Amino acid sequence: MRTPGRADRKPKIWAFSLSKLNELLEAVIPQLEPVAEVRVFHLGFEEALDAARALIKGGDEVDVFVSAGSNGAYLKARAPVPVVVVAPTGFDMLAALSRARKLSGRVGLVTYGAVTPELEQFKDLYDLEIAQRAYVTAQDARAAVRALRAAGVEVVVGPGLVCDLAEEAGLRGVFLYSESSVREALARAVEIARVARVEEARRERIDTILHHLRDGVVAVDAEERVESLNPAMERLLGVSAAKVVGARLSSVAPALGLARVLESGVPELEGIQTVGKRTLVTNRIPFVEQGTQTGAVLTCQDASEIARVDRSLRSHERPRRFVARHELADVIGVSPAVRRARALAATYARTDATVLVTGASGTGKELFAQGIHNASPRHSHPFVAVNCAAFPETLLESELFGYEEGAFTGSRRGGRAGLFEAAHTGTIFLDEIGDMPLPLQTRLLRVLQEREVLRLGANDPTPVDVRVVAATNRDLERCVADGSFRADLYYRLDILHLHLPPLAERPEDVGPVAGRLLEQALRRYGALALRDRAAAVLLPLLARCPWPGNVRQLENVVERAAVLCSSAGALGEALEDQLRAVVPAPLAPDAPRRRGDPDDAERARIEQVLRECNGNQSEAARRLGIGRTTLWRKRGRGAPRQLKARRTIDGP
């Protein structure tokens, strides 16, 4: 019938008639040429159907059939396209009867289907002699004409078939239809074709969308009979659309039936079902048209596909790690040392020179680095942080500088940009720079000098515009002296120096920092109402501790306290005892340590925790709030070569 993609052509209408209707059709068709293509066939009933089917099979297109009387009714019940039946208007009937009365006073009217009740009232009112008959089949029409002739009727009004039969019986026939009724029927046919074309275009768009969906979709009618399903659902059910359309969905896939939703009219969203070996996320939605529920739609998503998309989304969101979240205003502290560091960082932020931030682990070196970036003219550009102690040497090299395709076994197709390139126009933060292997120190020095990066396996360098902020908890001067750090790189990094003192050297900051951390943690756990009472118990105890793990250790202790508060719900004596238990035991302070060095009290605390953990370094590092690398470094300070050997054995 209609060929998809031909929505711009004019509607095609085929008219079928065996009688006088042909003359009216031929007269009206020229008026419709601008809006439709109309063909007239002098055929009826089975011959009309056979001819139409043959033409359609041969590639001809048609939108609507037009016919009249019993021929129209026959085609309407059997044709593969919509059929418009020409219907006589009241004016047609009166005009035809008027013509008939001029020929004879004995008039009969034969109409298809049923007699006209209004005409019975009309003839009684005006005392007219009009005999009415109705027919369904040609035999009925022939019998009606014979009966009228036997009753003395001389003129018969009716459709073309009736007129032909009347003339065969020696009577006068008056054709019932007019140009107006034919024109109206053709106009209806054009409108039906137009609406069908719009609906077809809509279906094609929907089918195209459904065809490309990864989700399985099936639509059913009010009786749960399948109306359509997309290829994804065909694959899911393991059947073709041709075999299941018209069948009840519950009989095809009982686990995916829609009977309950059709009965209740209530959507069922995000259900989890197992079909075969697949886990599916299903949505069942009733379909309502013009206020009436006419069916329902089922969508199915493979759980493994959702997991894949989730991984893809998380991978896509990776660039968000190149954002600095903290400002210098986030640095909490009232001590002169913190105020000086904050002011110095704000001064450094206004320049593009390299900054070296030193201090023990947990003193907030990355917090200051992010604050410097956000206070600088580069604040709207990437902030890329990399821990130089967290990667093996070969992996760190490819992470920092990138690589070309085929640079090494397992390299990504197309190559990959390194973190220096990712930080272009922004800031790169090189944490734990003191642990960078010597070969990479040489490459880093060249990047800092030339401001260009050479990817692994590449021949041409890539210019980069980055501001470098480096950080370490090691004494780089000592590392230079013992040969574990290049002197030229140290002097290239140590242009703007920012030292962060340990928490033990600024005890006045413990209270403000702990108070802020406690408030944030209690808010996360929904226990903010306990802030004041918990602070009254905790803060005096926290102020007496040396905090070898600095702010990071303090944060861990406060977090544990907040968890206890949130689970208890109210602060009683038992909870107060638990809070006191999470606070590390205070140790007597010893001699002041050199910059970057752990003091004896810190070493003693580390050894105590190690004994409590039966030598388990990972557990000890967790309790102290520091990393394993930092733990080894603090235990091995003063013997760097021994520490280096231990790292080789135990790993980073």
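Could you calculate, for region 142-214, the ratio of the Cα radius of gyration to the Kirkwood radius, expressed as Rg to Rh?
1.46
Once fully extended, how much extra length lies between R142 and A417, figured as 0.36 nm per residue of separation less the alpha-carbon to alpha-carbon distance?
89.9 nm
If a/c stays under 1.5 just call it rounded; otherwise compare a/b with b/c (prolate if a/b is bigger, oblate if not). Do that for region 343-406, with a ≥ b ≥ c from the square roots of the Cα gyration tensor eigenvalues.
Since a/c reaches 1.5 but b/c is at least a/b, the shape of region 343-406 is classed as oblate.
In whole angstrom, and with the biggest value first, how far do the Cα coordinates of region 419-485 range along each principal axis?
35, 24, 16 Å, listed from the longest principal axis down.
Evaluate the Debye formula for region 54-149 with equal point scatterers sitting on the alpha carbons, no solvent, and hand back log10 of I(q)/I(0) at q = 0.12 Å⁻¹, in q order, two decimals.
So the normalised log intensities are -0.51.
Can you work out the FRET efficiency for the pair R205 and L395, with r the C-beta to C-beta distance and R0 = 56 Å, to the nearest 0.05?
FRET efficiency, R205 to L395: 0.70.
Going by the alpha-carbon gyration tensor, a ≥ b ≥ c the square roots of its eigenvalues, is region 443-560 rounded (a/c under 1.5) or, if a/c is not under 1.5, prolate (a/b greater than b/c) versus oblate?
prolate
Take the Cα atoms of region 170-306, find their three principal axes, and give me the spread along each one in whole Å, biggest first.
So the three principal-axis extents are 78, 31, 30 Å.
Not counting ligands, DNA or RNA, and with a 1.4 Å probe, what is K634's accessible surface area in Å² rounded to the nearest 10?
10 Å²
Testing the spin-label approximation: label points 7 Å from Cα along Cα→Cβ at V266 and R524. State their distance in nm.
Those two pseudo-labels are separated by 3.8 nm.
When the helices in the chain are scored as -39500 (n - 2.57) per DSSP H run of 4 or longer and the sum is shared across all residues, what 222 nm value do you end up with, to the nearest 500 deg cm²/dmol?
So the calculated ellipticity at 222 nm is -14500 deg cm²/dmol.
What are the extents of the Cα atoms of the chain along their three principal axes, in Å, largest first?
Sorted from largest, the Cα extents of the chain read 139, 69, 47 Å.
What does the charge add up to near V386, with Lys and Arg as +1, Asp and Glu as -1, over the other residues with Cβ less than 10 Å from its Cβ?
Cβ neighbours under 10 Å give a net charge of -3.
Determine the order of I306, I13 by accessible area, beginning with the largest, at a probe radius of 1.4 Å.
Reading off the accessible areas and sorting them downward yields I306, I13.
Quickly work out the S566-to-V323 label distance, labels modelled 7 Å from Cα along the C-beta direction, and quote it in nm with one decimal.
Going from the V323 label point to the S566 one covers 2.3 nm.
Return an integer: the convex hull volume of the alpha-carbon atoms of region 220-377, in Å³ per residue.
232 Å³
Any idea what the dipole of region 402-509 comes to, in debye rounded to 20, about its Cα centre with Lys/Arg Cβ at +1 and Asp/Glu Cβ at -1?
It works out to roughly 440 debye.
Please report, to one decimal in angstroms, the Kirkwood hydrodynamic radius of region 352-510 built from all distinct Cα-Cα pairs.
The answer is 16.3 Å.
So if we plug the beta-carbon distance of D50 and V309 into 1/(1 + (r/R0)^6) with R0 = 60 Å, what FRET efficiency do we get, rounded to 0.05?
0.65
For the chain, with all protein chains present and a 1.4 Å probe, just round the carbon and sulfur fraction of the accessible area to a whole percent.
52 percent
Put T137, T282 in order of accessible area, largest first, 1.4 Å probe: what do you get?
Of T137, T282, the descending order of accessible area is T137, T282.
Which residues in region 484-509 have a backbone N closer than 15 Å to a point placed 7 Å from the Cα of V334 along the Cα-to-Cβ line?
506-509
The values are calculated or read from the model by the stated rules, or taken from the named source; none is laboratory data. Owing to the predicted nature of the structure, the values given are computational and were not obtained by experimental measurement. Counting neighbours? That spans all protein chains shown, and the Cβs are built from the backbone with ideal geometry, glycine included. Just so you know, the surface numbers come from the protein's heavy atoms only, side chains and all, with ligands and any DNA or RNA stripped out. Shrake-Rupley method; radii C 1.70, N 1.55, O 1.52, S 1.80 Å.
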